[in-house]
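Here the structure comes first, spelled out in structure tokens, and everything after it is commentary.
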Amino acid sequence: MKIAVIGAGSAGLAVLRHSTSDIYKNEVICYERTDQVGGTWVYREESGVDQYGLPIHTSMYKNLRTNLPKELMGFPDYPVPDVPESFIHRTEILDFLNSYCDHFKLRQYIQFLHNVELVKLVDKNRKWLIRVKDLRKNIVTVEMFDAVMVCNGHFSNPNIPKIKGQDIFKGQQMHSHDYRVPEVFKDKTVVVFGAGPSGLDLVLEIAKTAKKIFFSHHVDGTSSITFPDNVIQKPDVKELTENSVLFEDDSSESVDAIFYCTGYNYSFSFLDETCGVHVDSNMVTPLWKHVVSIENPTLALIGLLTHVCAFNVWDLQVRFVLQFWSGKKNFPSKEEMLKDENEEIRNFTIKGTPKKHFHVLNDKQDSYQKDLARIANIETLPPVIMSLFDECYARFFDNLIDYRNTKYKIIDDHHFVRLV
């Protein structure tokens, strides 16, 4: 097969590694719109748009350390190097992705500074038309493919909630996508919106320089967390005025800045309607197993899932898809795939969970991995991956400030130890 890969972050690299292996031996071209591999792990000081007028992709900030230990951050056949710390700096992950790329000789398949503008299905021969722009030469070309792997990430298109008074607030407003260093909030009184992983991390980071922080959210389970003295937890924001914030409990505070840690929107602006993929409140459908387009199974979206052991799961998703694209396994009928997804949506809806959390796995990660492995007859991830993930997730809330000082070691496929 001739496969197009969109993006050379962790998911795109996993596609290249397996698509070009001795098992599958596909012809592959990867289009990467920046000048290097790594996706969101590439740190850039600038925000806004780049020299080509495209939005800056990365959301990486300068001091970031992983919120999962390195023991969970590698690929199944290529672990992160054994360094003393478990929770490592962003630069070490980027170095690791470059090492993975070079070890498997993947750069030869990547066309850097190439921005995909359109992916369209050509009905008469069921081929995929890709329109791509060479940013350096300012030349647009079109190429045809048998299949497409979309690996453009989901931490680049900021979600900023609409709040009454946003347009009249005179202070600073920033989304975490554009945040780089804590000095930007030095000596300021800041409202932080959102208590997801980034919100919790960034509250602690900017507390070192900010005068006072009002941490506004509706997440259960944070009452037991010990925050610095200048952090005050508040309910959701009801309204902004020129210089203050009104909260849902009708309390009001004067503030200098609004910091949105409110997540991201899935964005596939390059996918034509012929692709048959739709996004509704961050629920991407119709997809079989969160990855294969049910309307057009030669289109796959790798890496939509969140709250997972990302690189490991991307690797599993890629191997899953390639089993079908290579003919080693046959796809179920369209009706069977739709039935499978509809059942998952129904079970999801019964629990009253918002659509935006459809691709959040958490405790469903283990069953998802086993399901993919069973269906495609491929090797799943060892049980120790999930047991360590569960341990880390619990400790994140139990000891938010110090949990990254913990050190782990995986003993075998079933056991790990906590060293510190």
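The values are calculated or read from the model by the stated rules, or taken from the named source; none is laboratory data. Predicted model only: the values in this text are computed from it and were never measured. Cβ sites come from the backbone with ideal geometry, for glycine too, and all protein chains shown count toward neighbours. These accessible areas exclude ligands, DNA and RNA; they are computed on the full protein's heavy atoms, side chains included. Shrake-Rupley method; radii C 1.70, N 1.55, O 1.52, S 1.80 Å.
Brief remarks on what is shown
- Checked against the criterion of being of a type in the set (V, I, T), open to solvent by 50 Å² or more (accessible area, probe 1.4 Å) and part of a helix (DSSP H, G or I), the candidates T141, T91 yield just one match: T91.
- Highlighted here are the helices (runs of 4 or more DSSP H) found entirely within segment 298-416 that include at least 2 residues which are at pLDDT 95 or above, among the basic types (K, R) and over 23 Å from the mean Cα position of the chain (by Cα): 334-350.
- Each residue in segment 363-386 was checked for being open to solvent by 40 Å² or more (accessible area, probe 1.4 Å), in contact (Cβ under 8 Å) with a residue 40 or more places away in the chain and not charged (D, E, K, R), and 2 of them qualify.
- Residue among S21, S47, S10 that alone is small (G, A, S), under 19 Å from the mean Cα position of the chain (by Cα), more than 14 Å from V116 (Cβ to Cβ) and surrounded by fewer than 17 Cβ atoms within 10 Å (Cβ to Cβ): S47
- Residue match in segment 100-107 (condition: over 23 Å from V291 (Cβ atoms), surrounded by 19 or more Cβ atoms within 10 Å (Cβ to Cβ), modelled with pLDDT of 95 or more and of a type in the set (F, W, Y)): no
- Considering segment 122-138, the residues that are part of a loop (DSSP other than H, G, I, E, B) and surrounded by fewer than 18 Cβ atoms within 10 Å (Cβ to Cβ) include one that is nearest to the chain's Cα centre (by Cα), namely R136.
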